[in-house]
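The values are calculated or read from the model by the stated rules, or taken from the named source; none is laboratory data. All values derive from a computational prediction rather than experimental measurement. Neighbour counts run over all protein chains shown; Cβ positions are idealised from the backbone, glycine included. Heavy atoms of the whole protein, side chains included, go into the accessibility calculation; ligands, DNA and RNA do not. Shrake-Rupley method; radii C 1.70, N 1.55, O 1.52, S 1.80 Å.
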Amino acid sequence: MIRIQNLTKYYGKRLAVDDISFNVEKGEIVAFLGPNAAGKTTTMRMITGYLMPTGGDVWIAGHNMASHSLEGRRLIGYMPEIVPLYTDMTTRSYLDFVARLRGLDKKRTKIRIDEVVEICHLEDYIDVILGKLSKGFRQRVGLAQAIIHDPGVLILDEPTIGIDPIQVAQTRGLIKELGKDRTILLSTHILPEVSMICERVIIIHEGRIVAGDRIENLTTILKGGNRIRLKVQGPAEKVTTRLARIDCIQAVAYEKPFHLVEFPADQEPQAEITQAMVQSSWTLLSMEPVKMSLEEIFLQLTAEEETGS
Amino acid sequence: MKNIGIISRKELKSYLSSPMAYIVTAIFLMLTGTFFATYLAGTNYSDTSIRGFLDAGQILILLFAAVLTMRLIAEERKLGTWELLLTVPVRDTEIILGKFLGSLAMLTGMLLLTLYYPILLMVFGDPDLGPVFTSYLGLFLLGCASLAIGLFASSLTSNQIVAAVVAGGILFALWFLGIAGNFAPGALGEVLTYLSLSRHFPDFVRGIVDTKAVVYYLSVTALFLYMAIRSTETDRWR
């Protein structure tokens, strides 16, 4: 649905996006993850046609955004990082204006305004001047504006930034719901958000894609090894030394009340661990594989990138 | 075409919902009204014409065009709505023409409100209506050119004050080109005079509709609208 090839953007001499390529398939929810100034917003602006790339191409459902921008723009709903609100308009007149520009006729506009107002829970704010809305509600109006024409592709730039925790949860739920029958690309620098909403993550740093995969795969690829978390009833220090003596185990760490054990991906030390515990007559209360959290992945990836370059 | 209508209606509504437009209109009417009345009094009510209104109006229209257009694009940039307008399926040309027509509707409204000057003359005297009609045509054309220049200035910046100052600068430079033309020798002088915004207006006041003058104002309008469109396109290539 979204195809990006060798996309590059220079601002004057500064390289903001460096030759990135990726696809987002129909119906996928993909997170664009990266620290501030990584090139997320610039990339999204090129996808939506707001900025022209210095090099490379963007296709939306087969429409090249350089030569067939209008066709491509028709299919996209876009919520920029700064929610684009006319502060002197009411929610209703604003949504009406956007819907009409999106090519909806009067009747359909009316129907859709009612629908998106319900979806985004804006019923009580429909006749309020946008300038008087709080940050959270502005964000909702921004989202309502992006889905007013029922687009197949949604581009959301930091959709949960700057709003309170309850609203964040609501917005995430809403995005997941919208993603059931839409292609969504959203940017964020909040890690837990990614695993909550998205199926796939593309990590971008200093304008380059440093990793991109399904969340499950990314975790194993990055580990380079596996980890097991143990809960053992016994003297912690002795358990640690005993575990370290097992051949294939590379590292042991004690994080109360767990022991974390690291070993190469092709080994299976579970049997030996169990044996060792039984021999020392300690009770093994639990043993489970640990996935690396996205936060760790993120830190590791960006750290690697820095030492590599 | 439809999109131009949607944008111009939005602009007009936005003018009418802010106190700014009413203040601007009130000041415009107050100033032109004063000049209209003092001119009449000055001729001891012997010359039943709207000369006084026109003498002041031609300069005031430049000022008010700069004020009306300064927010058109600069404010969108500041609010971030420019990004919305440039990513909906609407051509850059449609955005610019929509905004131009919205401001033109506002200015036309202001001009229509001054119609009570000639109406007063008709009630109390017997004015020559020919020059009145051509004068209004002249003001309208001068207004078109001024608004296009103002819109172009607004497309250059995100600061409304800067937009107004740039617009005022271009407008008055073009206005006083005529004076420069008087001093420049030969052909150069004639060219400068022809390019001046002020050179073509007196004909309309005298009741003459010169094709050259009409073409001049429409060309200036078209040129600056075109430059505003190009300036919008350039935004995408930052």
Checklist (1) touching a residue at least 12 places away in the same chain (Cβ under 8 Å); (2) more than 17 Å from residue B:80 (Cα to Cα) applied to residue A:140, failing item
(2)
Of all residues being over 11 Å from residue A:9 (Cβ atoms) and either touching a helix residue (DSSP H, G or I) at 6+ places or on another chain (Cβ under 7 Å) or within 14 Å of chain B (Cβ to nearest Cβ) (or both) in segment A:33-57, which is surrounded by the fewest Cβ atoms within 10 Å (Cβ to Cβ)? Just the residue, please.
A:35
Would you pick out the residues in segment A:98-142 that are within 14 Å of chain B (Cβ to nearest Cβ), assigned to a helix (DSSP H, G or I) and of a type outside the set (D, E, K, R)?
A:98, A:99, A:101, A:109, A:130, A:131, A:139, A:141, A:142
Flag for residue B:95 being modelled with pLDDT of 95 or more, under 19 Å from the mean Cα position of the chain (by Cα) and within 13 Å of another protein chain (Cβ to nearest Cβ):
yes
Looking only at residues that are facing chain B (nearest Cβ under 8 Å) and in a loop (DSSP other than H, G, I, E, B) in segment A:64-88, which one is farthest from the chain's Cα centre (by Cα)?
A:88
For the condition closer than 23 Å to residue B:37 by Cα and open to solvent by 10 Å² or more (accessible area, probe 1.4 Å), what is the one hit in B:101, B:120, B:62?
B:120
Counting only residues in segment A:268-280 that are among the polar types (S, T, N, Q) and touching a residue at least 24 places away in the same chain (Cβ under 8 Å), the one most open to solvent (accessible area, probe 1.4 Å) is identified as A:270
When the residues of segment B:20-47 are filtered to those that are modelled with pLDDT of 90 or more and open to solvent by 70 Å² or more (accessible area, probe 1.4 Å), which remaining residue is farthest from the other protein chains (Cβ to nearest Cβ)?
B:38
Residues within segment A:94-117 that are open to solvent by 40 Å² or more (accessible area, probe 1.4 Å) and either under 27 Å from residue A:69 (Cβ atoms) or within 25 Å of the chain's Cα centre (by Cα) (or both), tallied:
5
Assess whether residue A:95 counts as being among the hydrophobic types (A, V, I, L, M, F, W, C), assigned to a loop (DSSP other than H, G, I, E, B) and touching a residue at least 40 places away in the same chain (Cβ under 8 Å).
no
Options B:162, B:205, B:191, B:166; residue that is open to solvent by 30 Å² or more (accessible area, probe 1.4 Å) and at pLDDT below 95
B:191
Look through segment B:1-19, keep the residues that are among the hydrophobic types (A, V, I, L, M, F, W, C) and assigned to a helix (DSSP H, G or I), and return whichever of them is nearest to the other protein chains (Cβ to nearest Cβ).
B:6
Would you mind stating whether residue B:61 is closer than 30 Å to residue A:79 by Cβ, in contact (Cβ under 8 Å) with a residue 60 or more places away in the chain, assigned to a helix (DSSP H, G or I) and in contact with a Leu (Cβ under 8 Å, 6 or more places away or on another chain)?
no
